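In what follows, a structure is listed as structure tokens, so that the remarks can point back to it.
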Amino acid sequence: MTNRQAIPITILALCLAGCHSAVKEVNVTPQAISNVKNVILMIGDGMGAQQLGLLEEYARRAPQSIYNETGNKTALTKLAEAGQVGLSLTAPFGPNGSLVVDSACSATQLATGLAAGSEMIGLDHNGNITETILEKAKAQGKATGLVSDTRITHATPAAFAAHQPHRSFEDKIAEQLIESGNVDVLFSGGARMFLPSDIKTDAKDRQAMVELGAPSDIYKMSKRKDNRNLIVEAKNQHGYSIAFEREQLNKITGNKVLGLFANSGMDDGIAYSACKKTGNCSQPSLREMTLAALEILSKDPDGFFLMIEGGQIDWAGHINDAGWMLHEMLKFDEAVGAVYEWIKDRNDTLLVVTADHETGGFGFSYSRNNLPKEQLLKGNGMVGNKYKPNFNFGQVENLDRLYKQTGTFYDMMKQVNGERNFTDTQGQQWADAINQYSDFKVTVEQALPIVEREPNEYQADDHSYLSAQQFPKVHDFKEFYVYGDEIHGNLIGRALSAEQNVVWSTGTHTAAPVPVYALGPKDVIKQFSTMQHHVELAQKMMTALFAE
Ligand code: MG
Ligand code: ZN
């Protein structure tokens, strides 16, 4: 175990010396080594090395690890043992590049093998529409699929099959996903982007959804500006079978399927772990969507391209919620396990698992909180001395306690103020909410900083914010908390940090290289075991799938 744990550190050290030159070589076309018929790309959104470390430490060493019954081995570790592991840089590449990437740009670079710009979908860095690996696969007669536990119109899946100047144009993305005819299988949330704007009030529109078999939760609201019902269009004009619930997915037939399993994002990992235990999940899991997609797509004799996203690792990272993030990693690893079982005895399929970037600057860290008590050790080097480290290096039991969290920081925020009007909250309310959902407890004093607000003084260059409003007070790196009142979540993370031995560096993304796992024919996967850039990674996948 110690040897294996040492490996990532060694590779990171190599990176410090070698990253820069690796990026410069990005335009070197990789040698066509061998072909595969199918490519499966799995993206853990926000899944950097630290997030993987959380999963691996939990699986291997949490006293009550859910992996205890299965040899404490994650699916990702099985992949690492059977395949290749490398690292990849993620930044927006090209002449107008930047240091840090967002999910839209990163997914576009992964989908096209070309430099892309921040927040753009399926465009190169000059704004030109570019063919994606998914579209190329479709043009060659292969089947294609996109699976995500967020919304199907969210940046990561969108970048593989839509082309828009900005990731926020999700209504347009929904149209392109349906109308292009390029995607056979679409499984995710995000029904609100497909529904007519008056879905709340128009009886005829609501009746259409009843007839399609949609539970009312699915069509509770629309984010469209027009009265198109893209779900009806998908069925009647584009030949899609439709599913809204787990049970419907189980019974689905046909080789074109649109599954919209939530009005917006799908269930979070904590909710999924809970419903899985009691056996009453109404939504399909990421694993179940993955298996259903594989079953449909693998019927195509020409092969397929499938992208599967664990998209909420990133959401937990943004709000600095370590307990939620652990459950998202578990949900993702469960889906990786399904693909691993499907692929392990084949030699015609390439599986690549990577992240689009790291989120949150997460890490376990040692502190001066709860200092360890002195202990007597029997070792012959300790005669006359007691074992008493100066600092708290974190107990492995913390891993179980993170797992025991029963709601996300969003659930805590909802409990304090369901209306999202946080102006007059109290420390006691925040302490109560945290202590209800987290196994780590805080005092009212520890919760007080979550209450603090300051006037928003930013008015530079007439980018004048709502200056009369009060914003939550962040004491450090405040420019890196960009989502308004969601900072309350980040402040919950701060309140819990000392007890959890967890620190966070930002509310956005970091530029750390992300891990790459590759499984498939030996000659195909050996090229992934290096320090690369995502633009190169995409080129390698395309070469493997398309080269003669
Ligand atoms: Mg994403
Ligand atoms: Zn993000």
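Amide H neighbours of Gly363 under 5 Å, counting only residues 5+ apart in sequence or on other chains, H built in-plane at 1.01 Å?
Amide H to amide H, under 5 Å and 5 or more residues apart or across chains, Gly363 pairs with Val503.
Please list His238, His154 in order of solvent-accessible area, largest first, computed with a 1.4 Å probe with all protein chains present.
Order by accessible area, largest first: His238, His154.
So which of Lys136/Lys526; Lys277/Lys344; Lys404/Lys441; Lys138/Lys299; Lys204/Lys256; Lys404/Lys473 end up more than 21 Å apart, counting from Cα to Cα?
Pairs exceeding 21 Å: Lys136/Lys526; Lys277/Lys344; Lys204/Lys256; Lys404/Lys473.
If you roll a 1.4 Å probe over the chain with all protein chains in place, what percent of the accessible area is carbon or sulfur?
Reported share for carbon and sulfur atoms: 50 percent.
Just the number, please: percent antiparallel of the DSSP beta bridges in the chain, rounded to the nearest 5.
Values: 20 of 54 bridges.
Roughly 35 percent of the beta bridges in the chain run antiparallel, per DSSP.
Skip the ligands, DNA and RNA, and give the accessible area per residue of the stretch 39-125 with a 1.4 Å probe, whole Å².
31
Can you sort Tyr483, Tyr387, Tyr410, Tyr58 by solvent-accessible area, 1.4 Å probe, largest first?
Largest accessible area first, the list is Tyr483, Tyr387, Tyr410, Tyr58.
Please list 3J(HN,Hα) in residue order for the stretch 135-144, calculated via the Karplus relation 6.51 cos²θ - 1.76 cosθ + 1.60 where θ = phi - 60°; whole Hz, with x for glycine and proline.
5, 5, 4, 4, 4, 8, x, 7, 7, 9
About the Cα centre of the chain, what is the dipole size in debye to 20, counting +1 per Lys and Arg Cβ and -1 per Asp and Glu Cβ, all else neutral?
Around 1260 debye, computed over the chain.
Could I have the simple spin-label model distance between Asp217 and Asn126, label points 7 Å from Cα toward Cβ, reported in nm to one decimal?
So the two model labels end up 4.8 nm from each other.
Under a 1.4 angstrom probe, counting protein chains only, how are Thr510, Thr530, Thr278 ranked by accessible area, largest first? If you can, show how the numbers build up before the last one.
On the way: Thr510 35, Thr530 65, Thr278 100 Å².
Highest to lowest solvent-accessible surface, that is Thr278, Thr530, Thr510.
On a C-alpha basis, how far is the centre of the stretch 116-134 from the centre of the stretch 212-281 in Å? Whole number, if you could?
Between the Cα centre of the stretch 116-134 and that of the stretch 212-281, the gap is 28 Å.
Provide the solvent-accessible area of Val451, counting protein heavy atoms only and rolling a 1.4 Å probe, rounded to the nearest 10 Å².
30
Could you go through the stretch 347-363 in sequence order and give the Karplus-derived ³J(HN,Hα) for each residue, using 6.51 cos²θ - 1.76 cosθ + 1.60 with θ = phi - 60°, rounded to whole Hz, and x for Gly and Pro?
Running phi through 6.51 cos²θ - 1.76 cosθ + 1.60 with θ = phi - 60° gives 10, 10, 9, 9, 10, 10, 10, 8, 10, 8, 4, 8, 10, x, x, 6, x Hz.
For Ala139 and Ser505, FRET efficiency with R0 = 51 Å and r from the beta-carbon atoms, rounded to 0.05?
After rounding, the FRET efficiency stands at 0.75.
Pull up all non-local amide H partners of His533: gap of 5 or more, or a different chain, and H-to-H distance under 5 Å with H placed in the peptide plane.
Leu89
Mind listing which trypsin sites (Lys or Arg not before Pro) in the stretch 324-408 are in a DSSP loop and have 16 or fewer other Cβ atoms within 10 Å? Can you show the working numbers first?
Numbers: sites: Lys331, Lys344, Arg346, Arg368, Lys373, Lys378, Lys386, Arg401, Lys404; in loops: Lys344, Arg346, Arg368, Lys373, Lys378, Lys386, Lys404.
Of the trypsin sites (Lys or Arg not before Pro), the ones in loops of the stretch 324-408 whose Cβ has at most 16 other Cβ atoms within 10 Å are Lys344, Arg346, Arg368, Lys373, Lys378, Lys386, Lys404.
The values are calculated or read from the model by the stated rules, or taken from the named source; none is laboratory data. Fair warning: this is a prediction, and the values are worked out from it, not measured in the lab. Quick reminder, even Gly has a Cβ in these numbers, built from the backbone with ideal geometry, and neighbours come from all protein chains shown. Areas reflect the complete protein model, heavy atoms only, side chains present, ligands, DNA and RNA absent. Shrake-Rupley method; radii C 1.70, N 1.55, O 1.52, S 1.80 Å.
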